[in-house]
Amino acid sequence: MTPGIPSLNGKELLAAVLFIASVFILGLKLMNPTPLVIWYTGEDYIIQTERIGDIYSATDVIVLIVASLIICGSGLYLLLYEQIHPLPVPQAQGAPPLPYQEAPIPFSPLEDRKRKWETVLPTLKEDQQLIYQTILDADGIIPQSDIVEKTGLSKSNVSRSLDMLESMGLIEKRRRGMGNLILLK
């Protein structure tokens, strides 16, 4: 299977073929109505024909209606196939079957920051690593005074490390009353 190109199963393929064939037949019938020709005999038994115009015979009308219905039915089937036949949810090996289909997990900015943290970790000093991990453990928002309490570092070390993390674009300091609120970026 080629990535990005959906594969068609038997029913979808049949619906697609019916759709295309019906569009083709409908187009042909609409562009080529049956000509109305009147034949009559004139003087000296000469047969004369006169073309009056194009009309749709009862057979043409039936073909047009059937083709339109097939287009509608197969088109709706193709559009709504994913909703009619949902894709199975892969399960972990040995896991019990799910009683319902779980909703997809929404994007979590904190998870993204945790992945970013793994790449940034080797570039930081020991105090900065400890402080950044403390902010991550607090779900990305923590008062600066709590960092001092949780890490056991001095206020000056915490302040210097936070300034460095802020200059690196990893955190943001926001003034809150007499202290700062530290946020992950």
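Among the listed residues Leu36, Leu30, Leu26, which satisfies the condition of being part of a helix (DSSP H, G or I), open to solvent by 60 Å² or more (accessible area, probe 1.4 Å) and modelled with pLDDT of 70 or more?
On the way: Leu36 fails: part of a helix (DSSP H, G or I); Leu26 fails: open to solvent by 60 Å² or more (accessible area, probe 1.4 Å).
Being part of a helix (DSSP H, G or I), open to solvent by 60 Å² or more (accessible area, probe 1.4 Å) and modelled with pLDDT of 70 or more holds for just one of Leu36, Leu30, Leu26, which is Leu30.
Any chance you could count how many residues in the stretch 98-138 are at pLDDT 80 or above and not in a helix (DSSP H, G or I)? Let's see the steps before the verdict.
Our first condition is that a residue be at pLDDT 80 or above; within the stretch 98-138, this holds for 123-138.
When the remaining residues are screened for being not in a helix (DSSP H, G or I), the result is 124-125, 138.
The number of residues fulfilling the criteria is 3.
Scan (1) within 24 Å of the chain's Cα centre (by Cα); (2) farther than 30 Å from Leu13 by Cα; (3) at pLDDT below 75 for the single condition Asp54 breaks and write down its number.
Condition (1) is where Asp54 drops out.
Go through the stretch 114-138 and give me each residue that's open to solvent by 60 Å² or more (accessible area, probe 1.4 Å) and closer than 13 Å to Ile182 by Cβ.
If the condition is that a residue be open to solvent by 60 Å² or more (accessible area, probe 1.4 Å) and closer than 13 Å to Ile182 by Cβ, then Gln133, Asp137 are the ones that fit.
Which members of the stretch 139-153 meet the condition of being closer than 19 Å to Trp117 by Cα, open to solvent by less than 70 Å² (accessible area, probe 1.4 Å) and assigned to a strand (DSSP E or B)?
Ile142 - this is the single residue of the stretch 139-153 that is closer than 19 Å to Trp117 by Cα, open to solvent by less than 70 Å² (accessible area, probe 1.4 Å) and assigned to a strand (DSSP E or B).
When the residues of the stretch 119-138 are narrowed to those that are touching a Ser or Thr at 6+ places or on another chain (Cβ under 9 Å) and of a type in the set (D, E, K, R), which ends up nearest to Val158 (Cα to Cα)?
Among them, the one singled out is Asp127.
Since Leu79 meets every condition but one in (1) in a helix (DSSP H, G or I); (2) modelled with pLDDT under 65; (3) of a type outside the set (Val, Ile, Thr), which condition does it not meet?
Going through the list (1) in a helix (DSSP H, G or I); (2) modelled with pLDDT under 65; (3) of a type outside the set (Val, Ile, Thr), Leu79 breaks only (2).
Out of the stretch 154-179, which residues are within 15 Å of Arg113 (Cα to Cα) and assigned to a strand (DSSP E or B)?
The answer is Ile171, Glu172.
The values are calculated or read from the model by the stated rules, or taken from the named source; none is laboratory data. Here the structure is a predicted model, which means the values were calculated and not measured. Cβ coordinates were reconstructed from backbone atoms using ideal geometry, including for glycine residues, and neighbour counts include every protein chain displayed. With ligands, DNA and RNA removed, areas are computed over all heavy atoms of the protein, side chains included. Shrake-Rupley method; radii C 1.70, N 1.55, O 1.52, S 1.80 Å.
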